[in-house]
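The values are calculated or read from the model by the stated rules, or taken from the named source; none is laboratory data. If you're wondering where the values come from, they're calculated on a predicted model, not measured in any experiment. Virtual Cβ from ideal backbone geometry, glycine too; neighbours counted across all protein chains shown. Only protein heavy atoms, including side chains, enter the accessible area calculation; ligands, DNA and RNA are left aside. Shrake-Rupley method; radii C 1.70, N 1.55, O 1.52, S 1.80 Å.
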Amino acid sequence: MTESQKLYTRMRLWEFPDQYVIEPTDATPGPCLSISRVDASLNLIEEVTRSDVSETFTIFGIAGMLKLFAGSYLIAITECECVGSYLGHPFYKVTSLKVFPCDHSLKNSPAEQKKMETEFSALLKVAEKTPGLYFSYHVNITLSAQRLHELSDETRLLPLWRQAEPRFLWNNYMLEVLIDNKLDPFSLPIIQGSFQSFQAAIGKNVIDVTLIARRCTRRSGTRMWRRGADSDGYVANYVESEQIITSNGYTASFVQVRGSIPLIWDQIVNLTYKPKFEILRLEDAPRVIERHFLDIRKRYGNVLAVDLVNKHGGEGRLSEKFADAMQHISGDDVRYLHFDFHQICGHVHFERLSILYEQIEDFLVKNRYLLLNEKGEKVEVQTGVVRSNCIDCLDRTNVTQSMIGRKMLESQLRRLGLFDAEETINSHPNFDDSFKILWANHGDEISIQYSGTPALKGDFVRRGKRTFQGILNDGRNSLMRYYLNNFCDGTKQDAIDLLQGHYIVSASRDMMPTSQKGGIEAIASFRLAMALVMTGLFFTMMSLRRGHYDFWNVLSSIMWASMSLAVAIVVKANGRVFCNRPSLHKPPR
């Protein structure tokens, strides 16, 4: 980037009664940005008049701006930390976002509009807690090392937001106002994903290992609320994971991707522990899958789709339809491979993934990885990608990707002369432990963003074996996922859709008043239902413990169990009625 196009790295936000003023305070000189608190208009001013200041904040970047019914909202980074470097440039994690309202115009708005504004602005409070946000002021972190290396000199001179890959630009929609006003030094690209790194020594050689995840924004969301593909072939929980090593001036990069089964399918949240899978518009499956893999081929080259789901039950039906549709596009550049993870590996024998590796080794050897020498010249390029999936693309997928990443890292270290022909990562305990933690943390961070909990089976990734404590943790996290799916993720999904422009709030649309519900619906909620069910089960267990002492305790047990069952049935029957979510409008695209 040229000097005039550098991003401001540190700013002071002045809060006045009628405006916010953002003043650059780093070494890069520039005008201040004034944002009206009445109509959110943007203007550059030369200096700050410091009278009537309410409060000041130090900010490290602007995530963007959003317009709701009557007001607009500025979203800024108020805290961050440097977590490492990407290709020699500092890499930062957002630790605190803050929303600054520009909503003074609400004072003269109708009551109904004020009410709707309050509901939607509440979603921004949820957005403030968005996990796993990262940025860099100096390098385009939306692109892998290979794609960065392929950029032209002209492209490298552009502002970072113009270089960015839109799929991985988390704040793409929110930056539009800043971009339209040509405020490049304030327009900070942000990704959602993960960044993990460690440094280790092999003999006299120092190795830096980095693992980056980039989440796609095309069909982003939460587990259960975003499943499968849309009609354009974009899939839920699509993540690009890039493993990078540097040593003795050499750089090697290997990319994998994960994503939901590319059929149009979903699981309707209805309080059952595992809602049934529903495949929709099956006649569109060949077209959707073709679009999905055409996009992957265009970006990565050859594709090996590794399907890790079960062969029986609802998963089996999804897998069967996936395999059938893949027959129409399989060829030299696209392969499909099913590996029944649970059938082969069970819940403890994950070392049997070596069976899978034997089946995909030829693809990995043929399609290689990026390798740059001391001069930054390409020695090798990656010409294909492994696309892994299970149902959630979290737990089985992360275990599998960590195995593939391990094998590729060993291959790279042998190529660089740091490993002998038979040497493995296991031969170096400290290096091995750090590598396991790298992938375990990577999996946990991705899982938290999609499901709300750390990844299951993380003990194997972290320690190389299943443990009793790990199995207990999986049970606890599974129950927590159930709770979040049913009680929290609907609101979180709305917040995600609002931030990324999948739904646009428009005051010109008809605003339907909230319908009045009667009877049980007037007081019912998921939390109330869960409280009643859990209370009933508690008293059931207490009664059963005393049942052999007294007939009436047995009768009490039956009564409490019946009440618990009845409440659960009623709540399930009403399904989404209890999810009181604002009505979001799809954008006219």
Nearest-0.05 FRET efficiency for Asp208 and Ala27, computed from C-beta distance (R0 22 Å) = 0.20
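Rounded to the nearest 0.05, what FRET efficiency is calculated for Ala323 and Lys114 with R0 set to 51 Å and r the Cβ-Cβ distance? List each step's numbers first, then the result.
Numbers: r = 53 Å, r/R0 = 1.04.
My answer for the efficiency is 0.45.
Tally up the carbon and sulfur contribution to the accessible surface of region 370-516 as a whole percent, 1.4 Å probe, everything protein left in place.
On the way: 3070 of 5910 Å².
Within region 370-516, the accessible surface is 52 percent carbon and sulfur.
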ask   = Share of region 18-72's accessible area from carbon and sulfur, percent, 1.4 Å?
value = 44 percent
request  = May I ask you to evaluate 6.51 cos²θ - 1.76 cosθ + 1.60, the Karplus curve with θ = phi - 60°, for each residue of region 302-316 and list the ³J(HN,Hα) values in order in whole Hz, giving x for glycine and proline?
outcome  = 5, 10, 10, 8, 9, 9, 9, 7, 5, 8, 10, x, x, 4, x
Environment charge of Lys114, counting only residues whose C-beta is closer than 12 Å and scoring Lys/Arg +1, Asp/Glu -1 = -2
Cα Rg, Dmax (largest Cα-Cα span) when computed across region 184-238, Å = 17.6, 53
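If you take the square roots of the eigenvalues of the alpha-carbon gyration tensor of region 299-377 and sort them as a ≥ b ≥ c, do you get rounded (a/c under 1.5), prolate (a/b over b/c) or oblate?
On the way: a/c = 3.09, a/b = 1.53, b/c = 2.02.
Note, shape of region 299-377 comes out oblate.
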task = Give me the Debye-computed log₁₀ of I(q)/I(0) at q = 0.14, 0.16, 0.23 Å⁻¹ for region 413-474, equal point scatterers on Cα only, no solvent, two decimals.
result = -0.50, -0.61, -0.90
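What are the semi-axes of the equivalent ellipsoid for region 176-268, taken as the square roots of 5 times the Cα gyration tensor eigenvalues, largest first, in whole Å? Don't skip to the answer; put the middle values down first.
On the way: eigenvalues 215, 104, 21 Å².
Equivalent ellipsoid of region 176-268: 33, 23, 10 Å, largest first.
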request  = Would you kindly find the accessible area of Phe186, with a 1.4 Å probe and non-protein molecules such as ligands, DNA and RNA excluded, rounding to the nearest 10 Å²?
outcome  = 10 Å²
Solvent-accessible area per residue, Å², over region 195-255 with all protein chains present [probe radius 1.4 Å] = 29 Å²
note = The correct pair for region 1-72, radius of gyration to one decimal and Dmax as a whole number, both in Å and from Cα atoms, is 12.8, 38
ask   = According to a simple spin-label model (label point 7 Å from Cα along Cα-to-Cβ), what is the distance in nm between Asp232 and Ala421?
value = 5.1 nm
ask   = Along the charge dipole of region 26-141, Cβ charges K/R +1 and D/E -1, which of Val99, Ser121, Gly30 sits furthest on the positive end?
value = Ser121
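So what's the net charge close to Ala40: Lys and Arg +1, Asp and Glu -1, counting the other residues with Cβ under 14 Å from its Cβ? Could you put the intermediate results ahead of the total?
On the way: positive: Arg37, Lys67; negative: Asp18, Asp39, Asp103, Glu117, Glu176, Asp180.
Once all neighbours under 14 Å are counted, the net charge is -4.
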request  = Give the long-range amide H neighbours of Cys80: residues separated by 5 or more places, or on another chain, with amide H under 5 Å away, using H modelled in the peptide plane at 1.01 Å from N.
outcome  = Thr95
